[in-house]
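Written out below as structure tokens is the structure these notes cover.
The values are calculated or read from the model by the stated rules, or taken from the named source; none is laboratory data. Quick caveat, the model's predicted, so the values are computed rather than measured. Glycine gets a Cβ as well: all are built from the backbone with ideal geometry, and neighbour counts include every protein chain shown.
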């Protein structure tokens, strides 16, 4: 697996949102969806705010691959399941980055209910 370029990590860290898309079986990209994103160390995570039935999340899981756009940068990614020990740090990162929007909206992406709908984004070469 490759590592994130430092300028991409900085862009992700400072952007409120990114756009994420998954690949269809024929290799074309689905439409991009705007989503919140957090960085924990040198790893990048996204969560489905509306559970496992959310269309973009189901398609990302099924595909396993996609592309992100953030701050004028584009990167192909692999969607992976994060280890169980990182969720507290992901919650803290969401709180640090997004609490200014209020507890109601942040509540949709933190806590034990979103562990199963968390994806780690791994950059592809």
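Residue-wise test of (1) within 25 Å of residue 85 (Cβ to Cβ); (2) touching a helix residue (DSSP H, G or I) at 6+ places or on another chain (Cβ under 8 Å); (3) in contact (Cβ under 8 Å) with a residue 12 or more places away in the chain.
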{"residue": "5", "(1), (2), (3)": "no, no, yes"}
{"residue": "9", "(1), (2), (3)": "yes, no, yes"}
{"residue": "18", "(1), (2), (3)": "yes, yes, yes"}
{"residue": "22", "(1), (2), (3)": "no, yes, yes"}
{"residue": "31", "(1), (2), (3)": "no, no, no"}
{"residue": "37", "(1), (2), (3)": "yes, yes, yes"}
{"residue": "51", "(1), (2), (3)": "yes, yes, yes"}
{"residue": "58", "(1), (2), (3)": "no, no, no"}
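Among the residues of region 20-43, those identified as in contact with a strand residue (DSSP E or B) (Cβ under 7 Å, 6 or more places away or on another chain), over 14 Å from residue 79 (Cα atoms) and not in a strand (DSSP E or B) are 30, 31, 32.
On the basis of being modelled with pLDDT under 95 and under 15 Å from the mean Cα position of the chain (by Cα), does residue 72 make the cut? Quick ask: steps written out before the conclusion?
Values: modelled with pLDDT under 95: yes; under 15 Å from the mean Cα position of the chain (by Cα): no.
Considered against the rule, which asks whether it is modelled with pLDDT under 95 and under 15 Å from the mean Cα position of the chain (by Cα), residue 72 comes out as no.
Applying the set (1) in contact (Cβ under 8 Å) with a residue 60 or more places away in the chain; (2) within 15 Å of residue 9 (Cβ to Cβ); (3) loosely packed, with under 15 Cβ neighbours inside 10 Å to residue 41 leaves exactly one unmet item: (1). Scanning region 80-91 for residues that are buried (at least 16 other Cβ atoms within 10 Å of the Cβ) and out of contact with any helix residue (DSSP H, G or I) (no Cβ under 8 Å at 6 or more places or on another chain), which turns out nearest to residue 37 (Cα to Cα)? Here the answer is 90. If you go through region 89-125 and keep only what is closer than 20 Å to residue 66 by Cα, in a helix (DSSP H, G or I) and touching a strand residue (DSSP E or B) at 6+ places or on another chain (Cβ under 8 Å), you end up with just 117. Applying the set (1) within 16 Å of residue 124 (Cα to Cα); (2) at pLDDT below 95; (3) within 14 Å of the chain's Cα centre (by Cα) to residue 13 leaves exactly one unmet item: (1).
Within region 49-67, the set of residues being in a strand (DSSP E or B) and surrounded by 17 or more Cβ atoms within 10 Å (Cβ to Cβ) comprises 66, 67. Selection of region 75-88 for residues being part of a helix (DSSP H, G or I) and modelled with pLDDT of 95 or more yields 85, 86, 87, 88.
Listed conditions (1) at pLDDT 95 or above; (2) part of a loop (DSSP other than H, G, I, E, B) are all met by residue 46, apart from (2).
If I ask for residues that are closer than 23 Å to residue 21 by Cα, over 13 Å from the mean Cα position of the chain (by Cα) and surrounded by 13 or more Cβ atoms within 10 Å (Cβ to Cβ), which ones from region 92-109 would you list? Please lay out each step first, then the result.
To start, the set of residues in region 92-109 that are closer than 23 Å to residue 21 by Cα comprises 93-94, 97-98, 105-106, 108-109.
Restricting the remaining residues to those that are over 13 Å from the mean Cα position of the chain (by Cα) gives 97-98, 105-106, 108.
Residues satisfying the conditions are 97, 98, 106, 108.
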